[in-house]
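What follows is one structure encoded as structure tokens, with my remarks underneath.
The values are calculated or read from the model by the stated rules, or taken from the named source; none is laboratory data. Computed from a prediction, not measured in an experiment: that's the story for all the values here. Ideal geometry is used to build each Cβ from the backbone, glycine not excepted, and the neighbour counts take in all protein chains shown.
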Amino acid sequence: MTDSVNKSPTLPASRSLRAWLRDPAPQSPLQAQVQLMWIQWRRFCANHSALFGLLVLLVIIAAALLAPWIVSHDIYAQNLALRLQPANAEHWLGTDELGRDIYSRLLYGARITLYIAGLTALIITPLGLLVGTTAGYLGGWVDTVLMRLVDIFLAFPSLILALAFVAALGPGIENAIIAISLSSWPPIARLARAETLAIRKMDYIAAVRLQGASSWHIIVRHIVPMCLPSVVVRVTLNMAAIILTAAGLGFLGLGAQAPSPEWGAMLASGREFMLNNGWVAAIPGLAILFTSLAFNLLGDGLRDVMDIRHD
Amino acid sequence: MSQVISPLAQNTPSAGWRLLRRLSKGVISIGCTLLGLAALTFFIGRLLPIDPVVAIIGDNASQEAYDKMFKQLGLDQPLWQQFVAYVWQLLHLDFGIALTTSHPVAQDIARVFPATLELATVAAIIGVGLGVPAGVLSAMYRNTWFDHLMRFVGLLSYSTPHFWLGLMGLLLFYATLGWIGGPGRIDFIYEFDLQPVTGFWLIDSALSGKWEVFRNVLGHIILPASILGLSALAYISRMVRSFMLEQLSQEYIITARVKGLSWARCVWVHALRNIAVPTLTVVALSWAWLLEGAVLTETVFAWPGFGRYLTNALLAGDMNAVVGCTLLIGAIFVALNLLCDLLYRLFDPRTRQEEP
């Protein structure tokens, strides 16, 4: 970055990007925002385990997205002559009890796992935020009723509650997502409420209220954005637990159903052949472990970056 | 502060009255939660796509029989009356008849629960026995290799599917090395040597003095309990570490050090006593989580307990059993939370002060 140093501060385009990012006096809100993100990114990169988590996650996402192009076999094609083969040049991770290629199934399984995790996050984040911030901001009987509801949901361990919901709704991926969402939004709501209680007394909220903003406007435009960072961190950390629950449901035969290459279901079907062919059960389990670990590492890293207190 | 408040003291209600009010508040709060549990399970039962009448009398029953059963189940009544009847049944511990076993659900649960209780208790012993020292040592040797190792173990434990770990454990220790017993609580040949007394087979076999049986039972319980205990270990050691770090930064520790006490004595005698109460509540809570973890672990190890009963009921669509089990777990959770609260009150005088 040794290009001609332009002394004039009115021409930011001609200055190097690095200087723009490091400018001690940002010229515009955009610059300040980008600078903050740059600082946070630097701090995130200093945390090697978090970076590793992000990297693993990106690899898994890429594998899931590119699955149709990088798989080596049809994931449903059975070949009983080649059943339970150990890893070889033709089948990189071996074959399962029906002669299906484990490597290909694993990649498609990543799609299902990420689909469940992503959709669950998309459901529980707005739901938890809305309930938590509304309860915290309005207070009074709204707070009492909503938090009592949260307490009731929290009185069950999430897996048991998810199992009960799946039992009522019937097995299947969509029902598993609903069940997991219903059982994992309460902690988010509680967190959002705690954040809101700290925020609602602040001057800027009073200023907005004096300008005549409605409660709804204040909650959605001024409180939710402030709660978002800590909620995102919590949801990222929850992803690990959600993936484990989804795999558990699949393993019990209550989540994704049999021919589907969901990792938990793969584990369940490989289980009978495990004693002589350990890899059939080991590989899907390792995939679950790595995905969950990646989310945990990423969540820890994000928490450090955003300076959120350890609870 | 006390001088400012004292003129008002005559207007504040007496200590007995305050206690009564706090108690009644607590009872109402728990009552609400329990009622909510009942409402939630009632709602879950309603969601079921299977017609409860058909589930009992079968598809090809006559319309007359159908109507009769429909009335007998109270399905012709308004919803709120059904709910009241449901709560009334629950108060009598009547969860209905399990379709899979055709026994009352309460009776079934009483039969299978000791197996789970034994498993969870052994797991808790492993979790506490290793978790508390590990947490204290991580705090003592913060940011050393031991601390990092414990953090790594904790992270792995949070990220590993425990049912998979159980399978791998069976593969390694049972199938390959042959160190432990396989699935189940006991080998078949010993099954009839055991006189059930407490329902805890470790205790039963020890009481009868048949050490061969005891060793067999121990060989069966050790792996599932260790795997279940791993999550408790991770949680307890993390919490103990943070409690301990908080204590070690207090001034009384510095005073003790200045007096010439050894570092080990400061930690293990002075600080440990101060973290005893929060640690106890963490242990109680983790014991409740172990009951949850038991569901999948029992399925893997064919452990004839509560978790496997629940799983079988789930797969069979046996809603009475599912709801009964769910409610029981919920009630245990509420009870343990209450217990933790009471423990705090009992052992930590600071929490007894009335909030202004």
Counting only residues in the range A:9-35 that are modelled with pLDDT of 85 or more and loosely packed, with under 12 Cβ neighbours inside 10 Å, the one farthest from the chain's Cα centre (by Cα) is identified as A:SER28
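Any idea which of B:LEU342, B:LEU315, B:LEU290, B:LEU327 is outside any loop (DSSP other than H, G, I, E, B), at pLDDT below 85 and more than 22 Å from A:ALA265 (Cβ to Cβ)?
One residue alone meets the criteria, B:LEU342.
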Among the residues of the range A:137-166 satisfying the criterion of being among the hydroxyl-bearing types (Ser, Thr, Tyr) and either farther than 13 Å from A:ARG193 by Cα or buried (at least 19 other Cβ atoms within 10 Å of the Cβ) (or both), which is farthest from the other protein chains (Cβ to nearest Cβ)?
A:TYR137
How many residues are at the interface with chain A (Cβ under 10 Å from one of its Cβ atoms) and hydroxyl-bearing (Ser, Thr, Tyr) if we restrict to the range B:137-156?
0
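So that you can scan it fast, the table gives a plain yes or no per residue for (1) within 30 Å of B:ALA294 (Cα to Cα); (2) free of Cβ contacts under 8 Å to residues at least 24 places away in the same chain:
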| position | (1), (2) |
| --- | --- |
| A:THR120 | yes, no |
| A:THR134 | no, no |
| A:ILE173 | yes, no |
| A:PRO187 | yes, no |
| A:ARG190 | yes, no |
| A:ARG193 | no, no |
| A:GLY212 | no, yes |
Within the range B:317-339, residues touching a residue at least 40 places away in the same chain (Cβ under 8 Å), of a type in the set (A, V, I, L, M) and more than 8 Å from chain A (Cβ to nearest Cβ) come out as B:ALA321, B:LEU327, B:LEU328, B:ALA331, B:ILE332, B:LEU336, B:LEU338, B:LEU339
In this structure, does A:THR291 turn out to be within 19 Å of the chain's Cα centre (by Cα), within 9 Å of another protein chain (Cβ to nearest Cβ) and among the β-branched types (Val, Ile, Thr)?
yes
Using the structure shown, decide if A:ARG83 is basic (Lys, Arg) and touching a residue at least 40 places away in the same chain (Cβ under 8 Å).
no
Applying the selection to the range A:84-113, what residues are small (Gly, Ala, Ser) and in a helix (DSSP H, G or I)?
A:SER104, A:GLY109, A:ALA110
Specify which of the listed residues (A:ILE116, A:ILE60, A:ILE75, A:ILE123) is among the aliphatic types (A, V, I, L, M), assigned to a loop (DSSP other than H, G, I, E, B), on the phi < 0 side of the Ramachandran plot and in contact with a helix residue (DSSP H, G or I) (Cβ under 6 Å, 6 or more places away or on another chain).
A:ILE75
Tally time: how many residues in the range A:297-307 are buried (at least 22 other Cβ atoms within 10 Å of the Cβ) and at the interface with another protein chain (Cβ under 10 Å from one of its Cβ atoms)?
1
If the Cβ limit is 9 Å and pairs must be 6+ apart or interchain, which residue in the range A:88-114 that is farther than 16 Å from A:GLY270 by Cβ pairs with which residue that is surrounded by fewer than 21 Cβ atoms within 10 Å (Cβ to Cβ) and among the aromatic types (Phe, Trp, Tyr)?
A:TRP92/A:TYR103
Members of the range B:80-95 found to be on the phi < 0 side of the Ramachandran plot and not in a helix (DSSP H, G or I), listed by number
B:HIS92, B:ASP94, B:PHE95
Collect the residues in the range A:52-104 that are among the hydrophobic types (A, V, I, L, M, F, W, C), surrounded by fewer than 13 Cβ atoms within 10 Å (Cβ to Cβ) and over 21 Å from A:GLY118 (Cα atoms), keeping them in residue-number order.
A:TRP69, A:ILE70, A:ALA77, A:LEU80, A:ALA81, A:ALA89
For B:LEU261, all conditions in the list (1) among the hydrophobic types (A, V, I, L, M, F, W, C); (2) in a loop (DSSP other than H, G, I, E, B); (3) within 11 Å of another protein chain (Cβ to nearest Cβ) hold save one; what is the number of the exception?
(3)
Can you list the helices (runs of 4 or more DSSP H) found entirely within the range A:167-285 that contain at least 1 residues being out of contact with any strand residue (DSSP E or B) (no Cβ under 9 Å at 6 or more places or on another chain) and within 14 Å of chain B (Cβ to nearest Cβ)?
A:173-184, A:186-199, A:224-252, A:263-270
Is at least one residue of the range B:75-88 surrounded by 12 or more Cβ atoms within 10 Å (Cβ to Cβ), more than 14 Å from chain A (Cβ to nearest Cβ) and at pLDDT below 80?
yes
Residues of the range B:157-191 being facing chain A (nearest Cβ under 8 Å) and either hydroxyl-bearing (Ser, Thr, Tyr) or at positive phi (or both), which ones?
B:TYR158, B:SER159, B:THR160
Out of the range B:265-305, which residues are more than 16 Å from B:PHE163 (Cα to Cα), within 14 Å of chain A (Cβ to nearest Cβ) and surrounded by 23 or more Cβ atoms within 10 Å (Cβ to Cβ)?
B:VAL282, B:SER286
